[in-house]
1. Counting other beta carbons within 10 Å of each Cβ, put A:LEU8, A:LEU16 in order, fewest first.
2. Along Cα→Cβ at 7 Å, what distances in nm separate the A:LYS18 label point from those on the other copies, shortest first?
3. A:THR2 label points, 7 Å along Cα→Cβ, one per copy: pairwise distances from this copy to the rest in nm, shortest first?
4. What list of ³J(HN,Hα) values in whole Hz, one per residue of the range B:92-99 in order, does the Karplus curve 6.51 cos²θ - 1.76 cosθ + 1.60 (θ = phi - 60°) give from phi, with Gly and Pro shown as x?
5. Search the structure for amide H atoms under 5 Å from the amide H of C:GLY39, placed 1.01 Å from N in the peptide plane, and list their residues when 5 or more places away or on another chain.
6. Which residues in the range B:23-39 have a backbone N closer than 14 Å to a point placed 7 Å from the Cα of B:ALA70 along the Cα-to-Cβ line?
7. Sort shortest first the distances from A:PRO58 to its counterpart in every other copy, using label points 7 Å along the Cα-to-beta-carbon line, and give them in nm.
8. Once you've got the Cα coordinates, tell me which of A:LYS18/B:LYS73; B:LYS18/C:LYS40; A:LYS18/C:LYS18; A:LYS4/B:LYS73; A:LYS18/B:LYS61; A:LYS40/B:LYS4 are over 23 Å apart.
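Read-outs: derived from the displayed coordinates by stated rules, not from any lab. Keep in mind that what you see is a predicted model, and the values were worked out from it rather than measured. No Cβ is skipped: glycine too gets one built from the backbone with ideal geometry, and neighbour counts run over all protein chains shown.
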Amino acid sequence: MTTKATRLVIVTEKILHKEITRIIDAAGATGYTVTAAGGKGSRNVRSSGQPLVADSYPNIKIEVITADPAVAKQIADDVAARYFDNFSGITWLDEIEVHRLHKFQRQG
Amino acid sequence: MTTKATRLVIVTEKILHKEITRIIDAAGATGYTVTAAGGKGSRNVRSSGQPLVADSYPNIKIEVITADPAVAKQIADDVAARYFDNFSGITWLDEIEVHRLHKFQRQG
Amino acid sequence: MTTKATRLVIVTEKILHKEITRIIDAAGATGYTVTAAGGKGSRNVRSSGQPLVADSYPNIKIEVITADPAVAKQIADDVAARYFDNFSGITWLDEIEVHRLHKFQRQG
């Protein structure tokens, strides 16, 4: 049994980690996944060294899976409006099929 | 030359790493990618600290690319049935276009 | 406001990091995201140990978001032609919706 859902991906600077997860929680999403990331954005050069150790990753990639596309868009809008004038970042959405809907449903 | 394929993503607790890759191998998939992940699930709070070092990531994200959607679904079903009553986890699927089909074809 | 874009993912050996990002820059893409990865490919076994520390990840996963699918395909073709006879690797594409187009537009 699979269900269509929206995956929101936010790649931005590590310093925003706590603030963004607070926005995600406030929007009603019940979970997210965070990975350390390096890279280069259009605004300026970020980490360009080899990713030898995680400490050298200045960015994070946050993924949010939600059954409600409006929740994903709300989070993306909030994050962009609050931070992307001053911090590097990009957000994108795609549609996925989730196997375990009850793991990420809104808790009410 | 690109070919349609299915990408299966499993995000779950790191302790399941070996058992899940065994399920992937047994299902006939020829490869997978693993990254360290933190985050929060609907079941309970997982890592909420800043991802400063990889050691602090309690989760893994496993990606499996397969030409046969049934293989991806079989792996997702097996993983969910065996572990997700007792461990945090989510699995999802999406369709991708792969450039190098011969790199992930079944060897048998 | 969202815009359709193409996401290219390259998973390959860490030693190719610099050369591949040079190809990405040369193709006119303005940014990419890099994460450390382990896993197993169809060619041979790569990291099979538990991903306890980032140092143990022998691979990288590079994501490139571009408004022009031809740029993504060009990068994928170049990378495969130059390296995948001698190194493990896979590339795939999918379509996404980006929230912040101006962050990854071509600068030239």
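1. By the 10 Å Cβ count, ascending, the order reads A:LEU16, A:LEU8.
2. 3.7, 3.7
3. Sorted ascending, the copy-to-copy spacings read 1.8, 1.8 nm.
4. With the stated coefficients, the range B:92-99 comes to 8, 10, 8, 8, 10, 10, 9, 8 Hz.
5. Under 5 Å from the amide H of C:GLY39: B:VAL34, C:SER47.
6. Taking a point 7 Å out along Cα→Cβ of B:ALA70, the residues of the range B:23-39 whose backbone N falls under 14 Å are B:27-29.
7. 3.0, 3.1
8. In this structure, A:LYS18/B:LYS73; A:LYS18/C:LYS18; A:LYS40/B:LYS4 exceed 23 Å between Cα atoms.
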